[in-house]
Amino acid sequence: MSIPKNHHYISQIHIKNFFNKDDGCIYLYDKHQNNLFKSNGTRNIFSERNLNTRRVSENIDYTTIENQLNDKFEKDFDRHLQTVREFIDSKEFSEELDTALMYFARYGVIGEFRTPHYKKRMDDGIFNGMKDIMEHAIDDLKEDFYKAFNFDNEIKYTNTNNYEELAEHIIESMGEMNWILTVPKSNDDYFLLGDFGAATVRDKINVYFNPDVKEIAYIGLALSSKVYLQLFSTKWSKSPQSSMIHALDSTHIYDINKANFIYSRKFLACENENYLKTFIFQVREELTI
């Protein structure tokens, strides 16, 4: 049995909530090329070959990160999304809803850490910051350092993050959270999925010796074409006073999508072709791209 090497930085189980089952495709937009196109599946979008592959001693490890992501952040996605949908319909709070929202908080806070752009930026920063020091290190240490950053088509990133520990640390630093669940009033409105997974905002929410430390204070992510979740650390000055459900009109849905259009690096996905075409025309007119 072959080992899958096409690794997603946005989980397929997440992407599938933007897939148009009637049309048999998902609609995508490339900001750089100003190109709207479609894909008949989710296997090859928001993914990169060997994205999560890493070197462990003399071996190549294709599966550890993939297995951790599946076990801790993916396999229960649909179950928790169903809990959220049932709450939106019933308005009856439950422990299951709290569990579901914290599941998505953990999923959201690691979103950007999973992207190729972030991984490259972090690796470049570490390498450039350490290479002058390593030139004066003992030979064995120098060799190990350069070997760790000797990338090729098989090993593209150091991939040293433990996503489970990272998520727990960030959630702990955020502390208690308030949330807003947003749904469109109109059936003709849809949320877009950007190539960053979840948007985050950093601010000073804890007291440290260094007063300039900023941590994640906000998480925003489209769970599906019809459900958008925002989570706020209650220590953040911009947090709402309480949690709530918002049914928003087309103008406000557009504003959310516009913010995520700007936040995205290159690609966005949508369930509905007509909505995406209309949105792209309007946002490009506004931003004079």
> How far is helix 250-263 tilted off the main Cα axis of the chain, in degrees rounded to 10, range 0 to 90?
Replying inline: 10
> What are the aspartates and glutamates whose alpha-carbon lies under 14 Å from the alpha-carbon of LYS131, with same-chain residues fewer than 8 places away excluded?
Replying inline: ASP123, ASP139, GLU143, ASP144
> Against the longest principal axis of the chain, how steep is helix 116-134, in degrees 0 to 90 to the nearest 10, with axes from Cα atoms?
Replying inline: 30
> Which lysines have a Cα less than 30 Å from the Cα of LYS277, not counting those fewer than 8 places away in the same chain?
Replying inline: LYS16, LYS21, LYS31, LYS38, LYS185, LYS226, LYS258, LYS266
> Using 1/(1 + (r/R0)^6) with R0 = 35 angstrom and r between the beta carbons of ARG49 and GLU95, what's the FRET efficiency to the nearest 0.05?
Replying inline: 0.30
> Highest mean first, what order results for 44-51, 141-148, 205-212 on Cβ atoms within 10 Å?
Replying inline: 44-51, 141-148, 205-212
>> Is the C-alpha gyration tensor of segment 6-288 telling us rounded, prolate or oblate? Criteria: a/c under 1.5 is rounded; beyond that, a/b larger than b/c is prolate, otherwise oblate.
In response: prolate
> Counting only heavy atoms of protein chains, what accessible area per residue, in Å², does the chain have with a probe of 1.4 Å?
Replying inline: 54
>> Please compute the contact order of segment 6-288 in relative form: average sequence separation of alpha-carbon pairs under 8 Å and at least six residues apart, divided by the residue count, as a percent.
In response: 23
>> Between 0 and 90 degrees, rounded to the nearest ten: what's the tilt of helix 77-90 against the longest Cα principal axis of the chain?
In response: 30
>> Show me the ranking of peptides 217-230, 127-140, 235-248, 107-120 by mean Cβ neighbours inside 10 Å, starting with the highest.
In response: 217-230, 107-120, 235-248, 127-140
> How large, in percent, is the carbon and sulfur part of the accessible surface of the chain at a probe radius of 1.4 Å?
Replying inline: 47
> For the chain, what is the calculated [θ] at 222 nm in deg cm²/dmol (nearest 500), taking -39500 (n - 2.57) for each run of four or more DSSP H residues and dividing by its residue count?
Replying inline: -11500 deg cm²/dmol
>> Test of the criteria: in segment 152-229, which GluC sites (Glu not before Pro) are in a DSSP loop and have at most 16 other Cβ atoms within 10 angstrom of their Cβ?
In response: GLU154, GLU176
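The values are calculated or read from the model by the stated rules, or taken from the named source; none is laboratory data. In this text, all values refer to a predicted model and were calculated from it rather than measured experimentally. Note that we place each Cβ from the backbone using ideal geometry, even for glycine, and neighbour counts take in every protein chain shown. Only protein heavy atoms, including side chains, enter the accessible area calculation; ligands, DNA and RNA are left aside. Shrake-Rupley method; radii C 1.70, N 1.55, O 1.52, S 1.80 Å.
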